[in-house]
Each structure stands twice: as structure tokens, then as C-alpha cells.
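S.K.: Got a structure for you, written out below as C-alpha cells; questions coming shortly.
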Amino acid sequence: MSGCIAESLPLGTLSAYATADGSFSLYSSHFNEAFHSSAGALTEAHAKFVDPAQLERFSGSKQLRVLDVCVGLGYNSAALIDALQGNSISLQWFGLELDHRPLTMALQQSSFKTIWSPQVLTILERIRDCNSWREGTSNGTLFWGDARQKLNWLPNDLKIDLILMDAFSPSCCPQLWSDEFLTALARKLAPGGRLLTYCRAAAVRASLRRAGLQLRSLLTVPGERQGWSAGTLAILPDQHEATSSQGPNWQPLSLMEEEHLLTRAAIPYRDPSGQATVEEIIKRRREEQRECKMESTNAWKRRWCRNRTGECQ
């Protein structure tokens, strides 16, 4: 995960804890958020990133291109690389991250290291020590710093197959969920490319849809608090191959979710300069929400909660 300001401790104090599935994770005092969901760090990496990616689609491909936005402890990329072992897919990997400490702290934990194969651990250690790695025909580079600027360091002609988007929540880290940043990510996708995230926020989904991506809703997994969605799969349409409406851990957006995109919650986070502070982005959005004529999010909640027994956030 990544913040926005290159401070010496940009994520504040990092506190270690064991998640529900026993895997190691961290809590950021700066964002007042944990790095992973209640289901557990490893469970989340598979359920929200690796499984919906459908890596089998790339069998026989010459190369799989992946961008990990907010690498954090490395779970998402490690799980993906681990899942690719034993096949002939060549991986071109890029990562964006602000703080060196999460990956360093993870690699100091025996409970974290025992999860991964020696090959995966070697790659993570090279990212930590050298900012890059190479294994056979596969390679990777991590750019440290503000993801808004470092995204521009990627090759201009690069078209990405998978974007793993795992920043802290929009209310805490809106700079990485702005309409402008999400549009820039969408423009990097190859036809059929997928952006995967735990985030279900209407503002984020509305921005991704405006950027031309098709939306799917991720399903909750065992151990995770049940809700109407556990994340988002966004797909750049491919005229040669349609994406099914349902797949591993995903389904179409429900009517409830579609109507969520018509409420004030869908007003985007805006950061035209790419340098705005959290306070500036939040203030701009609140002002726009006050002036808009869209249905209030509370009214949407009340309407749907009358018809549902589950939670309604």
C-alpha cells in the first residue's frame, strides 16, 4: 500500500499482528487502517487478486504484464508469482510503493517466509535490496515514491494485463483513488486487461466506468465479514473476446450496486494536478456533493435496507 508524501515514516508507526488465517500483517497509524481484511492477508491475496485474474487465460502467452499498485508486504504479487510457477509464462512485473518498511518487516517474519517457495522469497528479497529482479525470461522493477508521479516512469507503450490495486481506503488515501489516477491506470490496460481491487466504493467504480471499463462485483469469502460486495473487477473490453458476467469469485453488479452509482457517493475524488493533499481532495469532493442533485447515500441505504436483512453500507 502507498501513501502520498515522501516522508521518513509516510505510513506512520507500523504495528504487526496475525490475521484471521494466521498470516502476518501490519496496521498503519498514519492511515488508522490495517493492511488486510478480516479474512486474512493470504486469503485476501488469492480471493481478490489471484483467483479473479484467471491466470490460466495466459497459458501459451509470450508474456504476462502486471502492475502492483501499493506493493506493501508483497502478498499480492508473491501469490501471483507463486501461482505462475511451473508454467512457461514470462512475467514482466512493475510495482509502485512509497514505504520500504512493510516489505522489510514481512521478510523478517518466519511466519511470512514459510508461506513462499525459495524462488518467490528470492524475488521479494531482490525487490527489497535492489528494486528489481530477474528469473529466466521474467523480470520486475519497483519504483519507490508517490504512485501518482511514479506511474509516469512506466514505459509509454506498455500495455498491462493485470493491475493489482491495493491502496488504503479512498476516505484515507483519496489521492490514489482520484478520477485522474484511475483513468491513468485504465489507459495502461491492454484489451481484455483487468484491474482488481478490494474497493467497492461508488466513487471508485463510477470513475472506472467513465474510463471505459466494465464492472464486476467480487464475492465475500469465508472468514470475511459478509456484505453486498467484497471488491471490484474492472475490465477493458476486448472486441475479440468477451468477458463472462460471472467467474471465480465475481458476479455482475446487483441492482442495488448499480443504484449506488447514481447517488452522491459516486461523486469522484478529483486531483487534476496530481499533487493535491488529502485535505484538498476531500474538501473538493464534499463541496461537489453538497451542490449536486443526486440521491443521498443515506436515502439509498434506507431504501435497500428495508428490503434486505444483510448489512447495507
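S.K.: Output yes when any residue across segment 207-218 is in a loop (DSSP other than H, G, I, E, B), more than 29 Å from Tyr27 (Cβ to Cβ) and more than 17 Å from the chain's Cα centre (by Cα), and no when none is. Please lay out each step first, then the result.
M.R.: If we filter segment 207-218 for residues that are in a loop (DSSP other than H, G, I, E, B), which is where we start, we get 211-213.
In the following step, the residues that additionally are more than 29 Å from Tyr27 (Cβ to Cβ) were identified as 211-213.
Right, trim to more than 17 Å from the chain's Cα centre (by Cα) and you get 212.
Yes, there is a match, as at least one residue in segment 207-218 is in a loop (DSSP other than H, G, I, E, B), more than 29 Å from Tyr27 (Cβ to Cβ) and more than 17 Å from the chain's Cα centre (by Cα).
S.K.: In this structure, is His30 within 30 Å of Val278 (Cβ to Cβ) and either of a type outside the set (Val, Ile, Thr) or at pLDDT 90 or above (or both)? Even if it seems obvious, please write down each step before you answer.
M.R.: On the way: within 30 Å of Val278 (Cβ to Cβ): yes; either of a type outside the set (Val, Ile, Thr) or at pLDDT 90 or above (or both): yes.
So His30 fits the description; yes.
S.K.: Sort through Ser229, Ser244, Ser217 and tell me the only one that's surrounded by 16 or more Cβ atoms within 10 Å (Cβ to Cβ) and at pLDDT below 95.
M.R.: Values: Ser244 fails: surrounded by 16 or more Cβ atoms within 10 Å (Cβ to Cβ); Ser217 fails: at pLDDT below 95.
From the options Ser229, Ser244, Ser217, the qualifying one is Ser229.
S.K.: Going through segment 111-138 one residue at a time, which ones are closer than 18 Å to Leu42 by Cα, of a type outside the set (A, V, I, L, M, F, W, C) and in contact with a strand residue (DSSP E or B) (Cβ under 9 Å, 6 or more places away or on another chain)?
M.R.: Selection gives Ser111, Gln119.
Residues are listed down the side, and each one gets a yes or a no for (1) in contact with a strand residue (DSSP E or B) (Cβ under 6 Å, 6 or more places away or on another chain); (2) of a type in the set (Lys, Arg); (3) without any contact (Cβ under 8 Å) to a residue 60 or more places away in the chain:
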| position | (1), (2), (3) |
| --- | --- |
| Pro155 | no, no, yes |
| Asp161 | yes, no, no |
| Gln175 | no, no, no |
| Thr197 | yes, no, no |
| Ser207 | no, no, no |
| Leu213 | yes, no, yes |
| Leu218 | yes, no, no |
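S.K.: Moving to a separate point now. List the strands (runs of 3 or more DSSP E) inside segment 94-198, counting only whole elements, that have at least 1 residues being surrounded by 14 or more Cβ atoms within 10 Å (Cβ to Cβ) and over 20 Å from the mean Cα position of the chain (by Cα). Spell out how you get there, then give the answer.
M.R.: Numbers: elements: 132-135, 138-144, 160-165, 189-197.
Correct list: 132-135, 138-144.
S.K.: If you go through segment 247-263 one residue at a time, how many are in a loop (DSSP other than H, G, I, E, B) and surrounded by fewer than 20 Cβ atoms within 10 Å (Cβ to Cβ)?
M.R.: If we filter segment 247-263 for residues that are in a loop (DSSP other than H, G, I, E, B), which is where we start, we get 248-249, 252-254, 261-262.
Within this subset, residues satisfying the condition of being surrounded by fewer than 20 Cβ atoms within 10 Å (Cβ to Cβ) are 248, 252, 254, 261-262.
The qualifying residues number 5.
S.K.: Looking at this structure, is Leu73 closer than 21 Å to Trp133 by Cβ and surrounded by fewer than 24 Cβ atoms within 10 Å (Cβ to Cβ)? Break it down into steps so the answer makes sense when it comes.
M.R.: Working: closer than 21 Å to Trp133 by Cβ: yes; surrounded by fewer than 24 Cβ atoms within 10 Å (Cβ to Cβ): no.
No.
The values are calculated or read from the model by the stated rules, or taken from the named source; none is laboratory data. Not measured: the values here are computed from a predicted model. As a convention, Cβ positions derive from the backbone with ideal geometry for all residues, glycine included, and neighbour counts pool all protein chains shown.
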